[in-house]
Amino acid sequence: EDGKAFAKVMSLSQTYGNLIAEFCQNDLIKLGIEKDTFFEVGYKDKVYKILWGTTYSDVNYGFWIAFITSEGYLKIARNFKNAVNLLKCSVDDEIYILKRDNQTIPKSNAKADSLGNLAWGELLQNNPAEAEKYTLEALKISPGTKWLTMNLAHCYLLGGKVEEAKKIFTANKGQKILDGSFYFEDFVIEDIEYFRKEKIENEYFDEIIELMK
């Protein structure tokens, strides 16, 4: 239907956050999806870019990967992250897959990426002022880059500029980032969970999570 193939979720792994769906290799081939190329997987109103790969290391940390299991079914996963938490599906729910025509990986600006990574490191040290400095510099080089914009919102939130942070969070909710691999709100929630894991707390974290749901 509309280029999509639908199948039920057979099982979920609570430990690893992977899921097995009733798709088999021939289903992907019939859709024109080839091994080692990207396609899309969706449930309800969310759809994500995913690679039909061989090993988890075929994608970067946190990104989507799909395999054909030894039983012949499609496993959907993320590298070191939880796929089920993002798809929010259950056993017997119908998910869908479709071919992705654009296989080109967008080029990023190495200097902006480096500054953004420095900013993230400062955020994890709970140094929002330093992180903001690096992030603003990165955004001058690569304006409009969503993950850098997200970093800036985190800087504002941890630095006490709560209303400025909320404006960025709400303005970008529902926007796709990283070439369709994720949604802005997905990463916001995962980042806050990671901050808490690193013992960084903020009285507004729960409010932002609710705002992003």
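The values are calculated or read from the model by the stated rules, or taken from the named source; none is laboratory data. Because the structure is a prediction, the values reported are computed rather than measured. Don't worry about glycine lacking a Cβ; one is built from the backbone with ideal geometry, like all the others, and counts go over all protein chains shown. Accessible surface areas use protein heavy atoms only, side chains included; no ligands, DNA or RNA. Shrake-Rupley method; radii C 1.70, N 1.55, O 1.52, S 1.80 Å.
The table that follows gives values for the structure above.
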read-out	value
Test: ASP206 is out of contact with any strand residue (DSSP E or B) (no Cβ under 8 Å at 6 or more places or on another chain) and either closer than 18 Å to LEU86 by Cα or charged (D, E, K, R) (or both)	yes
Tabulated pairs, the range 146-158, first touching a residue at least 60 places away in the same chain (Cβ under 8 Å), second in a helix (DSSP H, G or I) and surrounded by fewer than 24 Cβ atoms within 10 Å (Cβ to Cβ), C-beta under 9 angstrom, 6+ apart or interchain	none
Residues located in the range 92-101, provided they are touching a residue at least 12 places away in the same chain (Cβ under 8 Å) and loosely packed, with under 14 Cβ neighbours inside 10 Å	ASP92, GLU94
Qualifying positions in the range 60-103 - within 13 Å of ILE20 (Cβ to Cβ) and acidic (Asp, Glu)	GLU71, ASP92, ASP93
Residue under evaluation LYS30, criteria (1) open to solvent by 80 Å² or more (accessible area, probe 1.4 Å); (2) more than 15 Å from the chain's Cα centre (by Cα); (3) within 20 Å of MET150 (Cβ to Cβ), criterion not met	(3)
Leading residue by the ranking (farthest from LYS161 (Cα to Cα)) among those in the range 115-130 that are out of contact with any helix residue (DSSP H, G or I) (no Cβ under 7 Å at 6 or more places or on another chain) and open to solvent by 60 Å² or more (accessible area, probe 1.4 Å)	ASN117
Hey, THR55 surrounded by fewer than 19 Cβ atoms within 10 Å (Cβ to Cβ), more than 26 Å from SER142 (Cα to Cα) and without any contact (Cβ under 8 Å) to a residue 40 or more places away in the chain or not	yes
Boolean, LYS133 is surrounded by fewer than 19 Cβ atoms within 10 Å (Cβ to Cβ) and assigned to a helix (DSSP H, G or I)	yes
Yes/no for GLU34 being among the acidic types (Asp, Glu) and closer than 13 Å to LEU98 by Cβ	no
Positions within the range 94-109 being of a type in the set (A, V, I, L, M) and at pLDDT 95 or above, in sequence order	ILE95, ILE97, LEU98
Residue check for ILE20: in contact with an Asp or Glu (Cβ under 9 Å, 6 or more places away or on another chain), under 16 Å from TRP64 (Cα atoms), of a type in the set (A, V, I, L, M, F, W, C) and open to solvent by less than 20 Å² (accessible area, probe 1.4 Å)	no
Selection within the range 159-212 - among the basic types (Lys, Arg) and either open to solvent by less than 70 Å² (accessible area, probe 1.4 Å) or farther than 29 Å from LYS99 by Cα (or both)	LYS161, LYS166, LYS167, ARG196, LYS197, LYS199
Residues satisfying the stated conditions in the range 58-91, i.e. in contact with a strand residue (DSSP E or B) (Cβ under 9 Å, 6 or more places away or on another chain), farther than 18 Å from PHE187 by Cβ, open to solvent by 50 Å² or more (accessible area, probe 1.4 Å) and hydroxyl-bearing (Ser, Thr, Tyr)	TYR73, SER90
